[in-house]
Amino acid sequence: MPRCGICLRLLIVLCLSSPLWGQTRAGEALSLEQCIALALERHPLILSSVKRHESSLARVRQATVYPYPSVYFNSDLQPRLLDFANSAESYLGVTQTFELPRKRALRGKIAERESQQVETSIDLVNLEVIFQVKKSFYELLLAQEKLKYARLDLELTEDYLQNAELKFATGDVARVEVLRAKVEALKAANAVRVATSNEDLAKARLNYHLARRTNAPLQVTGQLQVPFADLNLEQSRTEALNLRPELRGLQFSIEKEIHTQESARLSNWPDLDFDLSRHHLEGEPTSWSFTVSVPLPFLFRQRQEAEIAEAQASIDALERDSDQMRNTILLEVEEAYTNAQKARNQILLYQREILPHAEEVFDMFTFSYQVGEIGGIELIEARKTLNESRKAYADALLEYALALATLDKAVGRRP
């Protein structure tokens, strides 16, 4: 096949194997869903937890293997040291241990429960990564929103400074008016620099959670205002108790200790060791020997009893841990639910009363400034009041979005 044909096929395979192909081209704005998918695909903590689970699955296979047979050779009555050729007597044999049928199966169940515990850690990491991506994504939207308001303030103060300089040149205002305008312009310019730094830092945080270079170019698309969710506290509590991986992990731990107890009890029953060998004695016909040996573990049961007691103590402790985890989960759900309700009420208050009044006041001051009833400083202060209200409204939007993200994490929901 021509080399160009091989390269083309490899390129097609690589493109089709990437779940985000065509979704994260350079310069393309990423949505929240794309950011979450990107993080779940390449986050180092997720990849490492998946590898740990693969390692635990390998241990399940190791636990269920049969005991290895042994081949042995015994050379007796040698005329000289290591003179095997002239040995007068020799044995060649094989030994094999046969376990009770349930012992190997129980070892497999114990290793399987350990693997399932590790698997729940993948879900825990996924939930944490998803939450951190949501948090960083919404914080970036908030930083961009505040930067927009800072630039509007700067634009207004620069216009005011330009008008003040023109009026001072014509003798309509005193020099102090120009100085005040310069101070406001400098303050607004500094606010823009601070807001820009905050946006850069928010991008670095999101890049970090996307497993990218922190200084990599990043654009996002989305709305800070998320739709109001139809929240139901009791339903969320029930769902959390069914979905949270911590509870499943503790249940797997309890089941593992139960199987450990069963294995300890079975260890009181002996395994059978079979020995088959071929016996050669010089001057005598070749003969065979067969031996069965049976250990007697039930004569010394202290170790088994100690293992059973240890497993029972672990079961009791894990059950208490489960009770505590349920209470913690229910508290986390209730806190996130309450925070979401409070943020929603704040948003409604800003939408219905605070923002309309602040905009009305600014419109009135704008008209008064245009007809010469007030100066530029009063207009700037009115604009600051409006922008502060808008920033507080944006903070409430962020608080609501984060409360919903926290509630999803507390319940154990994944996209």
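Please treat every number below as a calculation from the coordinates, not as lab data. Because the structure is a prediction, the values reported are computed rather than measured. All Cβ positions, even for glycine, are placed from backbone atoms using ideal geometry, and neighbour counts span all protein chains on display.
When the residues of region 85-117 are filtered to those that are free of Cβ contacts under 8 Å to residues at least 60 places away in the same chain and charged (D, E, K, R), which remaining residue is nearest to H53 (Cα to Cα)?
E112
Of everything in region 311-333 that's surrounded by 13 or more Cβ atoms within 10 Å (Cβ to Cβ) and of a type in the set (A, V, I, L, M, F, W, C), which residue is farthest from I258 (Cα to Cα)?
The residue in question is V333.
So A306 clears everything in (1) touching a Ser or Thr at 6+ places or on another chain (Cβ under 6 Å); (2) assigned to a helix (DSSP H, G or I) except one condition, right? Which one?
Here A306 clears every test but (1).
Go through (1) over 22 Å from T64 (Cα atoms); (2) part of a strand (DSSP E or B) and name the single condition Q96 misses.
With (1) over 22 Å from T64 (Cα atoms); (2) part of a strand (DSSP E or B) applied to Q96, the lone miss is (1).
Residue check, L276 against (1) in a strand (DSSP E or B); (2) in contact with a helix residue (DSSP H, G or I) (Cβ under 9 Å, 6 or more places away or on another chain), all met but one. Which one?
(2)
List the number of the failed condition for G222; all other conditions in (1) within 30 Å of N345 (Cβ to Cβ); (2) in a helix (DSSP H, G or I); (3) in contact with a helix residue (DSSP H, G or I) (Cβ under 7 Å, 6 or more places away or on another chain); (4) of a type outside the set (A, V, I, L, M) hold.
(2)
Kindly establish whether E99 is within 25 Å of V294 (Cα to Cα) and of a type in the set (D, E).
yes
Taking region 352-380 as the search range and keeping residues that are touching an Asp or Glu at 6+ places or on another chain (Cβ under 9 Å) and part of a helix (DSSP H, G or I), which one is nearest to L152 (Cα to Cα)?
Residues of region 352-380 that are touching an Asp or Glu at 6+ places or on another chain (Cβ under 9 Å), as a first pass: 358, 365, 367-369, 375-377, 380.
When the remaining residues are screened for being part of a helix (DSSP H, G or I), the result is 358, 365, 367-369, 376-377, 380.
On the way: A358: 16, F365: 16, F367: 18, S368: 20, Y369: 17, G376: 15, I377: 15, I380: 11 Å.
Only one residue tops the list, namely I380.
Taking the criterion of being closer than 20 Å to T385 by Cβ, in a helix (DSSP H, G or I) and either acidic (D, E) or touching a residue at least 12 places away in the same chain (Cβ under 8 Å) (or both), would at least one residue in region 165-180 satisfy it?
Scanning region 165-180 turns up at least one residue that is closer than 20 Å to T385 by Cβ, in a helix (DSSP H, G or I) and either acidic (D, E) or touching a residue at least 12 places away in the same chain (Cβ under 8 Å) (or both).
Would region 340-353 turn up any residue that is basic (K, R), surrounded by 12 or more Cβ atoms within 10 Å (Cβ to Cβ), over 26 Å from the mean Cα position of the chain (by Cα) and more than 26 Å from L147 (Cβ to Cβ)?
Checked against the condition, which is being basic (K, R), surrounded by 12 or more Cβ atoms within 10 Å (Cβ to Cβ), over 26 Å from the mean Cα position of the chain (by Cα) and more than 26 Å from L147 (Cβ to Cβ), region 340-353 yields at least one hit.
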